[in-house]
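Novice: One structure, pasted below without further comment.
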């Protein structure tokens, strides 16, 4: 019983620490897939906290990326948590495959689920951290009924589907509306660079997904350092 209590206290302390610290999650959508293992090892050694993986099916968004097989390969080259963002229709059909492949965090879109609550429960049942996301045009009212069921809310600051898009400044207000009503982690994805990281951090963001700003930089360690400097 004593050991269980100590373990719970330790886990609680880690959770509190994660909320205080800004976490950086490079998005491999912008990486060079001809040497993806090398790319991931480089950003890991440069000091990132998670690896963000965008999964697109060509239906929910107009692009197609990767599936569980690639995630299984990525899992072999890093011990960092894999933050997997499913931009796919009816994701409950594939959650087990993505979890079995090594996904630590699984985020689904409120707009893509036939039964949102059931989908979130399935993610939790399989032992992954539960995330929910919403398109820029979707208001936070769409996810309010599910906030108690999730660990993470991913706010898209670009229209999902392609990397390298320009940050939508109007999404900062959405983050400000979300922060007082959600105690979990808020992640932001789209057009993240030092200037946009600073303004979204001030609005209450905990996790910063950055693709082009990291993988297109000649010095990945410096680019991650520049992002961290923006939080101070």
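Novice: Tell me, which residue of the range 187-205 that is in contact with a helix residue (DSSP H, G or I) (Cβ under 7 Å, 6 or more places away or on another chain) and surrounded by 20 or more Cβ atoms within 10 Å (Cβ to Cβ) is farthest from residue 231 (Cα to Cα)?
Specialist: 188
Novice: Would you say residue 213 is surrounded by 15 or more Cβ atoms within 10 Å (Cβ to Cβ), without any contact (Cβ under 8 Å) to a residue 24 or more places away in the chain and under 20 Å from residue 55 (Cα atoms)?
Specialist: Judged against the criteria, residue 213 is a match.
Novice: Under the condition of being surrounded by 15 or more Cβ atoms within 10 Å (Cβ to Cβ) and in contact with a helix residue (DSSP H, G or I) (Cβ under 7 Å, 6 or more places away or on another chain), which residue from the range 216-232 is nearest to residue 50 (Cα to Cα)?
Specialist: 224
Novice: Something else: Considering each residue of the range 136-160, count those that are within 16 Å of residue 88 (Cα to Cα) and crowded, with 19+ Cβ neighbours inside 10 Å, and give that number.
Specialist: Residues flagged as within 16 Å of residue 88 (Cα to Cα) and crowded, with 19+ Cβ neighbours inside 10 Å within the range 136-160 amount to 3.
Novice: Let me ask something additional. If a residue must be part of a helix (DSSP H, G or I) and farther than 22 Å from residue 203 by Cβ, how many such residues does the range 99-125 contain?
Specialist: The number of residues fulfilling the criteria is 14.
Novice: OK, next. For residue 66, all conditions in the list (1) closer than 30 Å to residue 231 by Cα; (2) surrounded by fewer than 20 Cβ atoms within 10 Å (Cβ to Cβ); (3) free of Cβ contacts under 8 Å to residues at least 40 places away in the same chain; (4) within 17 Å of the chain's Cα centre (by Cα) hold save one; what is the number of the exception?
Specialist: For residue 66, the failing item is (1).
Novice: For residue 44, which of the numbered conditions (1) modelled with pLDDT of 95 or more; (2) out of contact with any strand residue (DSSP E or B) (no Cβ under 8 Å at 6 or more places or on another chain); (3) surrounded by fewer than 20 Cβ atoms within 10 Å (Cβ to Cβ) fails to hold?
Specialist: (2)
Novice: Shifting gears a bit: Which one is nearest to residue 30 (Cα to Cα) among residues in the range 51-65 that are touching a strand residue (DSSP E or B) at 6+ places or on another chain (Cβ under 6 Å) and part of a loop (DSSP other than H, G, I, E, B)?
Specialist: Taking the candidates together, the pick is 65.
The values are calculated or read from the model by the stated rules, or taken from the named source; none is laboratory data. Please read these numbers as outputs of a predicted model, since none were measured by experiment. When we count neighbours, we look across all protein chains shown, and the Cβ atoms used for this are built from the backbone with ideal geometry, even at glycine.
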